[in-house]
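Peer 1: The structure's right below; bear with me while I get my questions together.
Where a number appears in this text, it was derived from the coordinates with a stated rule and is not lab data. Every value quoted in this text rests on a predicted model; they were computed, and no experiment measured them. FYI the Cβ positions are ideal-geometry reconstructions off the backbone, even for glycines, and counts take in every protein chain you see.
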Amino acid sequence: MNKIWGLLLCIFFIAPALAQNKFIAIVKSTTGESLAGATVAFKELKIGASANTDGLIYIGDIPNGTHAATFSFIGFKPKTLNLSFPLQQDTLNVALAADDDELDEIIVSSTRARGSITDVPTRMEVLTAEELGEKSVMKPGDIRMVLNETTGITTQQTSATSGNASIRIQGLDGRYTQILKDGFPLYAGFSGGLSLLQTPPLDLKQVEIIKGSASTLYGGGAIAGLVNLISKTPSDKRELSFQINGTSAGGLDLNSFYAEKYGKAGITVFAAHSRSKAYDPSDVGFSAIPEVQRFTFNPKLFIDISDKSALSFGLNSGYERRIGGDMHYIRGENDPAHPFFEKNLSKRLSSQLAFDHQLNPQTNLSFKNSLNYFNRDLSVPSSSFYGEQFSSFSEFTLDYTKDKSEWIFGANFWSDSFREKEVTNVIPRDYDQEIFGLFAQNTYQLSEKTAIETGLRGDYVNHYGLVLLPRVSALFKLSSKFSSRIGGGFGYQTPNIFTDEAEQLHFEKVLPINTTQTKLEKSVGGNIDFNYRTTLFTDQVGLSLNQLFFYTYLNKPLQLKLNNNNYSFTNANGHIDTKGIETNAKFSYKDFALFLGYTFTDTKEHENNTLTWFRLTPKHRINSVLVYEVESQWKVGLEAYYYSEQKLSDGAIGKSYWLTGFLIEKMWAKFSLYANFENYLDTRQTRFDSIYTGSVANPVFRDIYAPLDGFVFNGGIKITL
């Protein structure tokens with residue numbers, strides 16, 4: 001009798017457990033792309049979950065019976081399925097069709113809270129794959145043009161003869177912009193000097209830009225803002241593309257990209273080669289475009305370990321040889337009257353490891369790690385600067401979502417070690433930096449029309465101590481056509497010698513950072529923007545407007561001062577503040593689109609009760625682009641950009657100028673042909689201003705604030721198989 005009762009009790013307790021079912025689904029687009037962030041909701045059961053980076057959804061404990069499951073994703077039509085549990089198959093494959101009315105929705109991840117750009121409280125700008133494709137036609141070898149044609153951003157050339165450049169956001173120096181790749185800080189310190197010139201756009205899915213103090217997100221460096229380069233990922237549909245480009249200045253670019261998924265594994269491979277001859281259109285005698293040879297190879301592997309776990313591992317490698325200077329020297333004429341040169345030999349290798357695991361439908365655990373090696377040998381006739389950088393980045397994050405709230409907790413460790421290999425005329429500038437950080441972030445949906453995002457980071461920086469970085473942003477959807485964002489945060493930068501000013505000096509006679517006499521550069525900033533979208537003339541004309549107001553206060557910025565025939569870094573007795581507006585408007589009519597942008601930047605330097613206009617910052621800038629596009633057939637673009645006067649480092653005032661361009665592309669099913677007439681009015685600084693003082697044998701180069709290469713034609717072919 002006892003055995004019978006025991007058996008009945010076992011059945012009583014075990015049967016309900018057996019009635020609970022495991023639910024696994026993979027959500028993709030009809031074209032085979034995994035939809036990371038897609039959701040499923042069992043409304044009657046009041047449970048749901050979101051997809052991981054591979055589009056995989058897992059829910060446990062689904063009771064027996066028939067239940068309605070609704071799958072949805074921004075930009076796609078929702079799909080509801082009546083599912084009978086237990087299911088007949090282990091994994092359910094769900095394909096969502098694109099919604100033509102919502103194709104402009106963009107999914108972003110730079111705030112860590114992945115979602116639609118229309119729903120993220122933090123203000124962000126995104127350059128989509130289509131925009132990157134257009135810019136890759138103009139300059140396929142690097143991303144300078146991609147960023148330079150965005151309001152509020154300029155790419156500042158830091159070398160007159162070798163073309164080195166940095167990103168300036170809202171008037172602040174390049175060292176205050178943090179550059180990430182898929183959330184990894186691969187271009188910090190020594191390795192940041194050539195990063196813009198060594199990053200082709202073909203393997204990028206999109207570029208996400210956050211302007212203003214944003215160090216709460218990824219740590220030090222984001223005083224002016226951050227740029228996150230998002231790589232393409234593989235899907236079931238194979239992507240194989242090639243681009244061959246040639247220029248009238250003797251340049252050649254060969255780019256290729258491959259991506260495909262094989263069951264639970266996938267791969268992407270990017271390979272590129274760029275070269276150019278030395279080019280001087282002005283007969284000044286110095287190269288406007290240096291002689292360059294560059295090789296890039298970036299493979300990446302993706303593995304679905306299980307229904308709940310995914311792993312990716314990639315490498316980024318590059319080799320570049322760059323020689324600029326006197327054209328007589330570059331041509332090998334060995335003329336003693338023309339000895340000036342600038343040589344750069346650089347090697348780059350970095351790894352990216354990412355692991356994602358779903359603990360339960362509401363909780364995800366992520367781990368990231370990168371190891372970076374950068375080697376650069378810079379030499380001019382009077383000196384050389386040769387060094388190696390080893391850096392690493394590791395990060396754990398825990399993401400918990402419930403109801404209207406998403407919490408993200410994390411910890412990271414960043415190290416940067418630089419060693420100078422050859423010491424010429426100053427003491428070694430070796431350093432070791434370690435930063436340990438803890439952070440928390442919350443995104444809360446107050447209502448359908450209001451969301452708020454808050455964050456707090458604490459970083460401990462060796463030599464400098466603890467720095468706390470709060471951040472807050474809010475989104476208000478005032479109507480279906482009108483919305484507004486307001487936000488602010490703190491930023492900081494750890495002192496190092498790799499600044500635009502030191503680069504212009506080729507690091508000659510630049511002393512190392514004295515950690516006992518320098519302080520962290522710290523900033524606070526905020527912005528508010530207004531967005532309005534509507535249609536005019538019985539829906540024939542589309543109109544989109546965005547108005548941004550910004551302000552950043554940078555306390556005790558690091559300055560490079562000449563002292564006893566050497567240059568040393570000290571914190572200024574004062575501050576820099578930059579304020580202004582950015583206005584963007586888009587008009588669309590049938591196959592035409594007109595983009596207009598205006599930037600007003602007022603950047604001032606306050607030191608010892610003296611107020612001065614900050615160098616290399618045009619107060620006024622106008623962007624205008626007219627595009628005619630017949631989908632999959634033709635694309636024609638006409639653009640013009642205006643830059644107002646700028647103050648130069650020597651106290652002179654640089655002249656205002658216009659830049660223009662014309663692009664035409666003819667597309668077929670598998671390939672396209674294009675021609676681009678860049679700067680066809682041949683605007684050059686050498687036409688209206690000098691670029692150096694002193695003699696040809698011993699030149700002292702001035703600030704470069706306008707193009708040196710003038711009109712350059714390029715054309716090529718893009719192939720997609």
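Peer 1: Please report Rg (one decimal) and Dmax (integer) in Å for the Cα set of the stretch 317-370.
Peer 2: Cα-based Rg and Dmax for the stretch 317-370 come out at 24.0, 72 Å.
Peer 1: Would you order Ser287, Ser84 from fewest to most other beta-carbon atoms within 10 Å of each residue's own beta-carbon?
Peer 2: Ser84, Ser287
Peer 1: About the Cα centre of the chain, what is the dipole size in debye to 20, counting +1 per Lys and Arg Cβ and -1 per Asp and Glu Cβ, all else neutral?
Peer 2: Value, rounded to 20: 860 debye.
Peer 1: Here's something else I'd like to know. For Thr155, Thr599, what's the fewest-to-most ordering of other Cβ within 10 Å of each Cβ?
Peer 2: Lowest count first: Thr155, Thr599.
Peer 1: Still on this structure: Along its principal axes, what span do the Cα atoms of the stretch 479-592 show, with the longest given first and each in whole Å?
Peer 2: 71, 29, 17
Peer 1: Where does the chain land at 222 nm, in deg cm²/dmol rounded to the nearest 500, when only DSSP H runs of n ≥ 4 count, each adding -39500 (n - 2.57), divided by all residues?
Peer 2: Rounded to the nearest 500, it is -1500 deg cm²/dmol.
Peer 1: Let me ask something else about it. With the cut-off at 20 Å, tell me which of the pairs Lys205/Lys261; Lys519/Lys647; Lys308/Lys368; Lys28/Lys449; Lys79/Lys590 have Cα atoms farther apart than that.
Peer 2: Cα-Cα > 20 Å for Lys519/Lys647; Lys28/Lys449; Lys79/Lys590; rest within.
Peer 1: If you don't mind, another one. Compute the projected area of the convex hull of the Cα atoms of the stretch 18-102, averaged over all viewing directions, and report it in nm² to one decimal place.
Peer 2: About 5.3 nm², averaged over all directions.
Peer 1: Okay, next question. Mind sorting Lys666, Lys586 by how few other Cβ atoms lie within 10 Å of their own Cβ, fewest first?
Peer 2: So the ranking, lowest neighbour count to highest, is Lys666, Lys586.
Peer 1: Given charges of +1 on the Cβ of Lys and Arg and -1 on the Cβ of Asp and Glu, with all other atoms neutral, how large is the dipole of the stretch 151-298 about its Cα centre, in debye to the nearest 20?
Peer 2: 380
Peer 1: Now for a separate question. Using the Cα centre of the stretch 18-102 as the reference point, and only Cβ charges (+1 on K/R, -1 on D/E), how large is the resulting charge dipole? Debye, rounded to the nearest 20.
Peer 2: Roughly 280 debye for the stretch 18-102.
Peer 1: Using the eigenvalues of the Cα gyration tensor, what equivalent ellipsoid semi-axes result for the chain when each is taken as the square root of five times the eigenvalue, whole Å, largest first?
Peer 2: Each semi-axis is the square root of five times an eigenvalue, giving 47, 29, 26 Å.
Peer 1: Taking the Cα centre of the chain as the origin and placing charges on Cβ (Lys, Arg +1; Asp, Glu -1), which of Ser84, Asn334, Gly654 is farthest toward the positive end of the dipole?
Peer 2: Ser84
Peer 1: Now for a separate question. Could you please state, rounded to a whole Å, how far the C-alpha centre of the stretch 652-700 is from the C-alpha centre of the stretch 554-616?
Peer 2: That distance is 23 Å.
Peer 1: Given N residues in the stretch 610-721, what is Rg(Cα) / (2.2 N^0.38 Å)?
Peer 2: Rg over 2.2 N^0.38 Å, computed on Cα atoms: 1.43.
Peer 1: On to the next question. Working from Cα positions, state the angle (0 to 90°, nearest 10) between the long axis of helix 2-18 and the longest principal axis of the chain.
Peer 2: 40
Peer 1: Using the charge dipole of the chain (Lys, Arg: +1 at Cβ; Asp, Glu: -1 at Cβ; taken about the Cα centre), state which of Asn679, Tyr262, His620 has its Cα farthest towards the positive end.
Peer 2: Toward the positive end, the furthest listed residue is Tyr262.
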